[in-house]
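In what follows, a single structure is set out as structure tokens and then discussed.
The values are calculated or read from the model by the stated rules, or taken from the named source; none is laboratory data. In this text, all values refer to a predicted model and were calculated from it rather than measured experimentally. Cβ atoms come from the backbone with ideal geometry, glycine included; neighbour counts cover every protein chain shown. The protein model used for the area step is the full one, side chains on, heavy atoms only, and it has no ligands, DNA or RNA in it. Shrake-Rupley method; radii C 1.70, N 1.55, O 1.52, S 1.80 Å.
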Amino acid sequence: MTSNWNPNSWTNFPADQQPDWPDDNELNAVLKEISELPPLVFAGEARTLKSKLARVCNGEALLLQAGDCAESFSSLSANSIRDKLKVILQMAVALTYSTGLPVVKVGRIAGQFAKPRSSPTETKDDVELPSFRGHIVNDTDFNAGARTADPKRLLMAYNQSSATLNLLRAFTRGGFADLTQVHSWNQQFVANSPAGAQYKEIADGITNALAFMRACGITSEDHPALHEVDFYTSHEALLLGYEEALTRNDSMSGDWYDCSAHMLWIGERTRQLDGAHIEFLRGVENPLGCKLGPTATTEDAIKLCEILNPKQIPGRLTFITRMGASVIDNKLPELVGAVQDSDHPVVWACDPMHGNTYTAESGLKTRNFSDVVDETKRFFHIHRSIGTWAGGIHVELTGDNVTECVGGAENLSDDDLALRYETMCDPRLNASQSLELAFHVAEELRSS
Ligand code: PEP
Ligand code: CO
């Protein structure tokens, strides 16, 4: 047992980015209710994910962590979950087919509701209101009622996570993810893009291989590995009261697990070494991520390893670097080198999204696909030159044909952004841009 830790010990530390809940009694009543509800995931699943991430840590697999910036209460539908899963499966197939490596698939899904904000308030026409903090806290509309933090939303987030997980389990176990379906994941608008055409070639290859294997007597019906896919959930562990309410003692191991998701990560704004987020997460046994942005020092990185992974277990800790394409060459080599010298085992993943956000002339927040690709390629080059394993990528995407990031094969321009700009928070890659990114990663890995 981690010393001096309990699921509530985080309350003795400063917690950044917590909402201003108007009524503590109401908040506590909701948290008590959640603490009595069933866990969303099982400790054993989190342990299995940790062992798969250990393979990534050892250079034997890749991590693909992907999904929404912020899930929405208003757009929950079977189709949107299915389409997100489709593009993640497509990306994984592109990577595995090109590299021969297994891909550990982790969604930013079934719980990715809470958003850290750079300012606690937003001002429009001289009116100042609390910032939108994700649907688990408040709503996007700019009026006092919508922006007031409402604890009932915690319960709604739990319920939506549960419904989403249920469908994900059905999709990944019930035949949808069967490799014989590899063509059907290519949605029409993706199939018409260059990445979609490249994907079709791979899908043809897999279909031929499956026909050959079937002739040899190996079918997906009797080989679960061809019929099912392991898919894990993750989100930023931001609202510590909610995370605490879902933290349970595992009867098998006696250890504590945060059963709101398989993997939790600590955001760039809440990774203070003496802060409540680090205190809470050091005590749960789930695999953890921690974002590292341009201000992270080598001392920060080493201390994070010591606090979050004192037993040096491979797969326990993933550093998700989000430097920005123009900064990564200056910052990442030093961090990677220091962690390498310290012998702490970490998975390195590249988030090529959050360091490359800017506001376009139209006033919409966007990212240029070429910056996303550029940061990703530089990430792989840096690891190759140091001799460390570039473990994977962490991206914000959707399965829909949105126009939120400029560039890509369709060459979306600033003028196109308003066409289908649907995100509640950060701009996401659409399905064809996501697949195109996967092919860039595959190319990097092949050339290494
Ligand atoms: C995010 O992943 O949505 C996010 C807010 O990232 P970061 O903490 O890296 O800014
Ligand atoms: Co984001």
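What GluC sites (Glu not before Pro) does region 18-52 have in DSSP loop regions with at most 14 other beta carbons within 10 Å? Numbers along the way, then the final one.
Details: sites: GLU26, GLU33, GLU36, GLU45; in loops: GLU36.
For GluC sites (Glu not before Pro) across region 18-52 that sit outside H, G, I, E and B with at most 14 neighbouring Cβ atoms in 10 Å, the list reads GLU36.
For THR423, THR96, write out the residues from largest to smallest accessible area, computed with a 1.4 angstrom probe and no ligands counted.
Details: THR423 20, THR96 55 Å².
In descending accessible area the options line up as THR96, THR423.
In debye to the nearest 20, how big a dipole does the chain give about its Cα centre with +1 on each Lys and Arg Cβ and -1 on each Asp and Glu Cβ?
On the way: 39 positive and 60 negative charges, 229 e Å.
Taking the Cα centre of the chain as origin, the dipole is about 1100 debye.
Using protein chains only and a probe of 1.4 angstrom, how many square angstrom of SER447 are accessible, to the nearest 10?
80 Å²
List the residues whose amide H sits under 5 Å from the amide H of LEU429, counting only those 5 or more places along or on another chain, with H placed 1.01 Å from N in the peptide plane.
Close amide H contacts, sequence-distant or interchain: GLU396, LEU397, THR398.
List the chymotrypsin sites (Phe, Trp or Tyr not before Pro) within region 1-50 that fall in a DSSP loop (any state other than H, G, I, E or B) and whose Cβ has at most 16 other Cβ atoms within 10 Å.
In loop regions of region 1-50 (DSSP not H, G, I, E or B), the sparsely surrounded chymotrypsin sites (Phe, Trp or Tyr not before Pro) are TRP5, PHE42.
Could you tell me the accessible area of LYS84 in Å² (1.4 Å probe, neighbours in place), rounded to the nearest ten?
Spelled out: LYS84, probe radius 1.4 Å, area about 20 Å².
Quick one: which residues, 5+ away or cross-chain, put their amide H under 5 Å from the amide H of GLY289? H built at 1.01 Å from N.
LEU264, TRP265, ILE266, THR318
Could you compute how fast region 1-40 diffuses translationally, taking Rh as the Kirkwood radius over C-alpha pairs and applying Stokes-Einstein at 37 °C with viscosity 0.692 mPa s? Give it in µm² per second. Intermediate results must be reported in sequence, preceding the final value.
Numbers: Rh = 12.5 Å.
After rounding, the answer is 263 µm²/s.
Pairs LYS50/LYS365; LYS291/LYS331; LYS331/LYS377: which exceed 24 Å Cα-Cα?
Pairs exceeding the cut-off: LYS50/LYS365.
Rolling a 1.4 angstrom probe over the protein chains, ignoring ligands and nucleic acids, what is the accessible area of ASP341 in square angstrom, nearest 10?
So the heavy atoms of ASP341 present about 130 Å² to solvent.
Given a 1.4 Å probe and heavy atoms of the protein chains only, how would you sort TYR232, TYR421, largest accessible area at the top?
TYR421, TYR232
Under a plain spin-label model, where a point goes 7 Å from the Cα along Cα-to-Cβ, how far apart in nm are GLU334 and MET156?
Placing both labels 7 Å beyond Cα along the Cβ direction yields 4.5 nm.
Given the -39500 (n - 2.57) contribution per DSSP H run of 4+ residues, what per-residue ellipticity at 222 nm results for the chain, rounded to the nearest 500 deg cm²/dmol?
Working: 14 runs with 178 residues, N = 448.
The helix-only estimate for the chain comes to -12500 deg cm²/dmol at 222 nm.
Once you wrap a convex hull around the alpha carbon atoms of the chain, what is its projected area averaged over all directions, in nm²? The partial results should precede the final answer.
Details: hull surface 84.7 nm².
Hull-based average projected area comes out at 21.2 nm².
Collect residues whose amide H, placed 1.01 Å from N in the peptide plane, falls under 5 Å from the amide H of THR233; neighbours closer than 5 in sequence don't count.
Counting only residues 5 or more places away or on other chains, the set is GLY107, HIS262, MET263.
Run the simple label-point estimate for ASP341 and ASN8 please: 7 Å along Cα→C-beta, distance reported in nm.
4.4 nm
Taking the Cα of MET213, stepping 7 Å toward and past its beta carbon, and measuring to each backbone N in region 90-107: which are under 11 Å?
Answer for this model: none.
Give the separation of the Cα centroids, region 216-273 to region 385-431, in Å.
Between the Cα centres of region 216-273 and region 385-431 lies a distance of 25 Å.
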